[in-house]
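To start, the structure under review is shown below, and the notes come after it.
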Amino acid sequence: MKLHRVTEQLDVNDSNLSGSQYNDANLSGSEFNQINFSGTRVNDSNLTGWKINDTNMSGWKLNDVNLSGARIQNANLSGLEIENCRLTGVTVDGISLEKMILVYKASQGESHAEGDA
């Protein structure tokens with residue numbers, strides 16, 4: 001089924017839409033509950049204001065994304081890897097991550113320039 005330039009709301013329940021493609025679509029204000037998004041790709045999209053609750057996101061890969069102002073709470077981050085990321089202003093439980101890295105490097109005897117965190 002193809003929908004082109006549809007402007008009405010859809011109410012989709014107990015459906016298999018695997019393999020569907022959404023291009024240049026406005027889904028603002030949509031709500032997704034008990035949805036299997038495994039293997040889904042989101043490219044060149046605006047996810048501003050998204051709220052994700054009680055969701056298994058293991059194995060996610062985030063590349064070239066803007067997470068400024070984002071908040072992660074009550075999350076299992078075991079095994080999380082952060083590489084080549086700008087960490088300015090990032091806090092963990094209210095403590096500056098940049099300062100934590102500087103303290104760690106100092107305890108390891110590593111020399112570094114100011115702001116290398």
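Pairs, please: C-beta under 8 Å, at least 6 apart or cross-chain, first residue within 15 Å of Trp60 (Cβ to Cβ) and free of Cβ contacts under 8 Å to residues at least 12 places away in the same chain and in the range 34-48, second surrounded by 10 or more Cβ atoms within 10 Å (Cβ to Cβ) and not charged (D, E, K, R)?
none
Out of Glu31, Glu8, Glu98, Glu83, which single residue is among the charged types (D, E, K, R) and surrounded by 10 or more Cβ atoms within 10 Å (Cβ to Cβ)?
That would be Glu98, the only listed residue that is among the charged types (D, E, K, R) and surrounded by 10 or more Cβ atoms within 10 Å (Cβ to Cβ).
Every residue, every condition in (1) charged (D, E, K, R); (2) within 16 Å of the chain's Cα centre (by Cα), yes or no:
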{"residue": "Ile35", "(1), (2)": "no, no"}
{"residue": "Ser38", "(1), (2)": "no, yes"}
{"residue": "Asn46", "(1), (2)": "no, yes"}
{"residue": "Asp64", "(1), (2)": "yes, yes"}
{"residue": "Ala75", "(1), (2)": "no, yes"}
{"residue": "Cys85", "(1), (2)": "no, yes"}
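(1) touching a Leu at 6+ places or on another chain (Cβ under 7 Å); (2) in a helix (DSSP H, G or I): which one isn't true of Leu87, the others all being true?
(2)
Every number in this text was worked out from the coordinates using simple rules, so none of it is lab data. Keep in mind that this is a model prediction, so the values were computed, not measured. Positions of Cβ are backbone-derived with ideal geometry, glycine not excepted, and every protein chain shown enters the neighbour counts.
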